[in-house]
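Just below is one structure, and these are the notes that go with it.
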Amino acid sequence: MKILAFKYNKGYLLGMLMLLVSIASAQNLKTKPKDFKKAYLKALESFDKKNYFESYQIFKKLNEENTDNANLKYWVANNLWYLQTDHENATDLLASAVANYTVQYKKDNFENTKAPLDAYLLLGRIYRFSGRVDEALTIFNDLRKVTKNIPGWQTKIGIEISICHNILEMSKIPGNETIDNLSALNTEADEEYPLVTADGAKMFVSRQASNIIEKSVLLTAEQKNTNWSETATEPLLWRPTGMTGDGRTMLYENNGDIYISYFDGEMGWETPIKLPSTINTPNWEGDATLSADGLFLIFVSDRPEGEGGLDMYASERNDDKTWQLPKNLGPLINSPYDEISPMLHADFNTLYFCSNGHRNMGGFDVYRSLRDEEGNWSDPINLGIPINSPADERGIWISPNNRFGYLSSNRADGKGKSDIYEVNFGDRSTDEERLVLMVGTVSMHDESYPDNVQITITNRMNGELVGVYVPNPITGKFLFILPPEIEYTALYEATGYISYFNHFSVVRDSAYRKIMHAVQLEPVRFFNPPSNVLNSQQTIINNIFFQPNSIDFFSSVIELEKLAHYLRKNPTAVIEIAAYSDAQADDAYNLQITQQRADSVKQYMMNLRVKDAQLVAKGYGNIKPVALNKTPDGRDSEEGRKWNRRIEFVVLQKGNQELKINPIVVPENLRIK
């Protein structure tokens, strides 16, 4: 019995010993199933390829099978961090993992059961992200002591501690802004990069699918009575990054290159066109934005000559629509780290962007820089709390009047990993930019919308071209932003319609102004002359006159149609359209408006099938007055000035039939003696 007992006990002990060795071996990964190494290395490969969900799934399964492995806990938590989800679980995993760490860590050693020092670092970052800044500081200070003899770590930890202090300092002086989750548009998916029209009425949002079943879409939303609602979605093939103020030109990033697309009425968005090699290089280019007028481009690139990781570059468009060689915005704007999401404000001189460099609160923060008269950018200013947070803020947009804006952020209170937030700056009338937002519609007399309208804006004072704009051919709506000037002129033209002209002023010391303007173009009507005109060998016409600051000649249409009939019957005849002004404005403006009057009359005549070669349009400004602009005692005389705002028709080459132009008969008391 003793022997049997001994054998029994020996077998029992041997069995227990083998079981314990087997368990210990499984826990210490000294003898693992053949597929463990394969799975571990596959998870690392997925992580390196930024396929964090796949990496998480593999490491999670391995961790469930090996619950005492601190290294696996670290990798599960690390993937959760990059997936920006379940930070509470990640915190618990890391708190357990850091109890068993090693400084002799090799990432690809699948037998390693201890966590790297990076687990401590990640735990501190998650604490900070979650608003537990004091606990994060404790972690980082402890880690600084542990790593004092490890090269590179003191600098790394110093940055983390500095970020914590920045948060604590900015928390003491929060801004007056409010920031709210735009819940009407946000889902459990990622909503990012809001692109908003200048009037704040329409928004485009990139919605990234949260799983492989759903599809990423480009969301279109419209705001009515301060409420946003989705109006359309379409497949998100390329990532939109910038848009002009009228919402009709959009920039995309695709595979590290920048593309541009234009909205074409009923056809929708045209196929994006890749920008030329002056902009796109073999390096990565993206996050491009346009100025409100589409003439100034700012984008992000990782070109080797930059200041750090991702830098911002700027390029201007030439008159021939080519782009100039881009210039780096320099070390004051570009940090040694990454700058992304540039947004050039409607005032053309304020740059908003996001950066994980400069003085930040962790991740990417929103900054503002101002451009001076010499084109130099100021030292960027962190917009602080509540706009910025320990999370990542990206894709900023600020309204022309600086009263509200939108951004995307992955802060902890969101519906998904990244949500759209609305920022309200409150009453900032003293900070409103001095600019004008022109919003309106161009329609026809029958309330239809033309598809070939062109709006030309010029500076009234010097005649310089400010911009050429095209309304939406479906709605007739136009929207453009103008920098602060004294006075502007706007010319509305469409084939087959009488051109329309108006002027508006933006006083230099006035703040933001929104001008609503509805324009209705009248169709060209062909003159049906009575029989006595048709059969007459002589055509008699009168010269025409204008109201102040106007090119409206509607009251003289009958004279122009008689002249057009004559010129069609006499194709060898040539007429000069000589326009003159009063002396109310300066010489430059008078030359400009008289040329516009002459050109508009010529265009009207050509719409009446008169050949271009038969018409010479010339503006002479305020020379050759036919009446007094002022009374003898020096007072302004509108009675006299109205005779000087005229067009005189001059026969340069006669036709077969006679053309008689009645002379201007100025009242005796207004004549120049």
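Going down the list Lys202/Lys514; Lys202/Lys477; Lys42/Lys415, which pairs span over 20 Å between their C-alpha atoms? Mind dumping the intermediate values first?
Values: Lys202/Lys514 17 Å; Lys202/Lys477 13 Å; Lys42/Lys415 31 Å.
Table pairs above 20 Å Cα-Cα are Lys42/Lys415.
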Kindly report the accessible area of the range 44-133 per residue (heavy atoms of protein chains, probe 1.4 Å, no ligands, DNA or RNA), in Å².
47
Correct choice for volume of the Cα convex hull per residue in Å³ that was computed from the model, options (i) 217; (ii) 334; (iii) 206
(iii)
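Taking only DSSP H segments of four or more residues, each worth -39500 (n - 2.57), what value at 222 nm results for the chain once the sum is divided by all its residues, to the nearest 500 deg cm²/dmol?
Numbers: 12 runs with 173 residues, N = 673.
For the chain, the value works out to -8500 deg cm²/dmol.
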Sequence-distant aspartates and glutamates (8 or more away, or on other chains) whose Cα lies within less than 20 Å of Lys624:
Glu576, Asp582, Asp586, Asp587, Asp599, Asp636, Glu638, Glu639, Glu648, Glu668
Report in % the part of the accessible area of the chain that belongs to carbon and sulfur, leaving out ligands and nucleic acids; probe 1.4 Å.
51
Once the dipole of the chain is set up with Lys and Arg at +1 and Asp and Glu at -1 on Cβ about the Cα centre, which of Gly175, Thr155, Ile623 lies farthest towards its positive end?
Thr155
Charge dipole magnitude, Cβ of K and R +1, D and E -1 - the chain, Cα centre, debye nearest 20:
1480
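Solvent-accessible area per residue for the range 558-612 at a 1.4 Å probe radius, Å²? Numbers along the way, then the final one.
Details: 1900 Å² over 55 residues.
Per residue, the range 558-612 has 35 Å² of solvent-accessible surface.
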Please list, or write none, the lysines whose alpha carbon is within less than 25 Å of the alpha carbon of Lys630, excluding same-chain residues fewer than 8 places away.
Lys642, Lys673
Can you tell me which lysines have their Cα less than 17 Å from the Cα of Lys156? Leave out same-chain residues fewer than eight positions away.
Lys145, Lys148
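The values are calculated or read from the model by the stated rules, or taken from the named source; none is laboratory data. From a predicted model like this one, the values you see are computed outputs, not experimental measurements. Every residue, glycine as well, gets a Cβ built from its backbone with ideal geometry; the counts of neighbours run over all protein chains shown. Side chains included, ligands, DNA and RNA excluded: accessible areas come from the protein's heavy atoms. Shrake-Rupley method; radii C 1.70, N 1.55, O 1.52, S 1.80 Å.
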